[in-house]
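Report on the structure given below.
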Amino acid sequence: MKDLLHKKSLEKDDIIALLSANEEDSRKLFERSAEIKEKYVGNKVYFRGLIEFSNICGKNCYYCGIRAGNANVERYNLTDQEILDAARFAYENRYASVVLQSGELANETFISRIEYLLSEIKKLSNNELGITLSVGEQTEETYRRWFSAGAHRYLLRIESTNRSLFEGIHPQNENHSFDTRMKSLYSLKKTGYQVGTGVMIGLPFQTLEDLADDLLFIREFDTDMVGMGPYIEHPDTPLFEYNHLLLPQRERLQLAFKMIAVLRIMMKDINIAAATALQAIDPMGREKAIKLGANIIMPNITPGKYRNSYKLYENKPCTDENPDDCTNCLEARISMTGNTIGYNEWGDSKHFKLKKNKQKDDR
Ligand code: 5AD
Ligand code: SF4
Ligand code: FES
């Protein structure tokens, strides 16, 4: 174990061994990843205020509670004013960055609306707020338009790098293609975004080998930011049918912690988010993730009345709270972990900055 934890570069078998660690070895793994976090990114956590601005989605992913086919969801779309007010809240509370997330649409109205919102958020914040988008697969042209309008980070999870698993958890049509997802990730990178990707952990039919491949992909893609969390069943989705195949939630959570720890060891200077889904299983899930390697948290700043309708999975936390509640709550929680909050700092991935500087030097 000790050798593995100090090995220069982890290979697939090493990763599988680490992901299979028993309780005692897991403790050693978490100690090592915490040590690396402290050394390379410091004990500082950055906020990204999350605005879930609409749950209207054109897609039908089998795992997701807001899929188009779920008729039990009350659909909403925040007004421009509500979105801008949420961004102003983030700015005034020194968050430094916001994330605009919604279901996936790709029509011109949607595209130009986002373009408009990006420029308005830049204006209301003196050009200071950093803006991340998380609105799915789009054409390279669209990614470019949004980049020009002020977005500089983009989150798009690959969900699973095992093509057949990916195909198993999505409908078989061109709207849900593994190749398009992969291509979108490369377009984002080419456009100049800091790109975030990630996977769901503990999906039915997923093996440790799959998860090891996921981590290897994240390294090979030279990812700047990662968000990954446990898969959590939702009763109104087709994947619920395979519930009996799932690991118990506690074990899925442990596996998610191991994934975060191994990734921190593999990629020492990237940004890793403590995903909200961790908290759906354990009230202290995100704090535990921060202790062992994560350094980003996404406080929900969606206006309270809409939160209940953005349920991607069961037990999603903070659905009865308001933005102020989450801010106060998180301050207390983060100080408990021995970390500080990087108020008013973008907290870009060090990995991305080093890469950019290197590109300049090479020119
Ligand atoms: N459990 C956990 N994560 C989920 N997501 C969607 N549905 C679920 C679920 N049931 C994640 C996906 C998506 C992100 C926005 O939310 O990984 O990329
Ligand atoms: Fe839509 Fe995203 Fe849910 Fe898929 S995961 S159904 S694209 S919101
Ligand atoms: Fe939302 Fe604690 S983070 S209430």
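Residues that are under 18 Å from Glu82 (Cα atoms) and in contact (Cβ under 8 Å) with a residue 60 or more places away in the chain within segment 300-326 comprise Asn300, Ile301, Thr302, Pro303, Tyr306, Arg307, Ser309, Tyr310, Pro323, listed in sequence order.
Scanning segment 186-217 for residues that are buried (at least 21 other Cβ atoms within 10 Å of the Cβ) and within 20 Å of Ile272 (Cα to Cα) yields a total of 15. Could you please find all residues in segment 225-244 being outside any loop (DSSP other than H, G, I, E, B) and either charged (D, E, K, R) or more than 7 Å from ligand 1 (Cβ to nearest atom) (or both)? Selection gives Met225, Val226, Gly227, Met228, Pro238, Leu239, Phe240, Glu241, Tyr242, Asn243, His244. Residues of segment 166-203 being closer than 15 Å to Val135 by Cα and of a type in the set (Phe, Trp, Tyr), which ones? Result: Tyr193, single match.
Conditions (1) under 17 Å from the mean Cα position of the chain (by Cα); (2) more than 16 Å from ligand 2 (Cβ to nearest atom), marked per residue:
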position	(1), (2)
Ala256	yes, yes
Ile260	yes, yes
Leu263	yes, yes
Ile270	yes, yes
Asp282	no, yes
Ile297	yes, yes
Ser309	no, no
Ile334	no, yes
Asn339	no, yes
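Taking segment 144-160 as the range and being more than 16 Å from ligand 2 (Cβ to nearest atom) and surrounded by fewer than 23 Cβ atoms within 10 Å (Cβ to Cβ) as the test, the residues that pass are Arg144, Arg145, Phe147, Ser148, Ala149, Gly150, His152.
Pairs meeting the criteria (first residue in segment 208-235 and without any contact (Cβ under 8 Å) to a residue 40 or more places away in the chain and under 23 Å from Cys61 (Cβ atoms), second residue more than 8 Å from ligand 1 (Cβ to nearest atom) and among the polar types (S, T, N, Q), beta carbons under 8 Å, at least 6 apart or on different chains) are Phe221/Thr197.
May I ask you to list the residues in segment 323-363 that are of a type in the set (Ser, Thr, Tyr) and modelled with pLDDT of 85 or more?
Hits for segment 323-363 are Thr327, Ser335, Thr337, Thr340, Tyr343.
Does any residue of segment 137-152 turn out to be under 23 Å from Thr223 (Cβ atoms), touching a Gly at 6+ places or on another chain (Cβ under 9 Å) and within 16 Å of ligand 1 (Cβ to nearest atom)? No: zero hits.
A quick yes/no check of all residues on (1) more than 21 Å from the chain's Cα centre (by Cα); (2) touching a residue at least 12 places away in the same chain (Cβ under 8 Å); (3) away from ligand 1 (no atom under 16 Å from the Cβ):
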| site | (1), (2), (3) |
| --- | --- |
| Arg32 | yes, yes, yes |
| Lys39 | yes, yes, yes |
| Ser54 | no, yes, no |
| Cys57 | no, yes, no |
| Tyr62 | no, yes, no |
| Asp80 | yes, yes, yes |
| Leu84 | yes, yes, yes |
| Gln101 | no, yes, no |
| Glu108 | yes, no, yes |
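Determine whether Ala256 is out of contact with any helix residue (DSSP H, G or I) (no Cβ under 7 Å at 6 or more places or on another chain), surrounded by 24 or more Cβ atoms within 10 Å (Cβ to Cβ) and of a type in the set (A, V, I, L, M, F, W, C). No. Taking the conditions (1) surrounded by fewer than 18 Cβ atoms within 10 Å (Cβ to Cβ); (2) touching a residue at least 40 places away in the same chain (Cβ under 8 Å); (3) polar (S, T, N, Q) in turn, Ser97 satisfies each one other than (1). Just to verify a result, which residue in segment 344-363, among those that are outside any helix (DSSP H, G or I) and within 20 Å of the chain's Cα centre (by Cα), is nearest to ligand 2 (Cβ to nearest atom)? Residue satisfying both the conditions and the ranking: Ser349. Of all residues in segment 172-220, those that are in contact with a strand residue (DSSP E or B) (Cβ under 8 Å, 6 or more places away or on another chain) and in a helix (DSSP H, G or I) total 7.
Could you please give the count of residues in segment 91-105 that are modelled with pLDDT of 95 or more and touching an Asp or Glu at 6+ places or on another chain (Cβ under 6 Å)? Of the residues in segment 91-105, 1 are modelled with pLDDT of 95 or more and touching an Asp or Glu at 6+ places or on another chain (Cβ under 6 Å). Within segment 316-335, the set of residues being loosely packed, with under 14 Cβ neighbours inside 10 Å and more than 10 Å from ligand 3 (Cβ to nearest atom) comprises Ser335 only. Evaluation of Tyr313 against the conditions (1) modelled with pLDDT of 90 or more; (2) out of contact with any Cys (no Cβ under 9 Å at 6 or more places or on another chain); (3) not in a helix (DSSP H, G or I) shows that the sole unmet condition is (2).
The values are calculated or read from the model by the stated rules, or taken from the named source; none is laboratory data. Keep in mind the model is a prediction, meaning the values are calculated, not measured. Neighbour counts run over all protein chains shown; Cβ positions are idealised from the backbone, glycine included.
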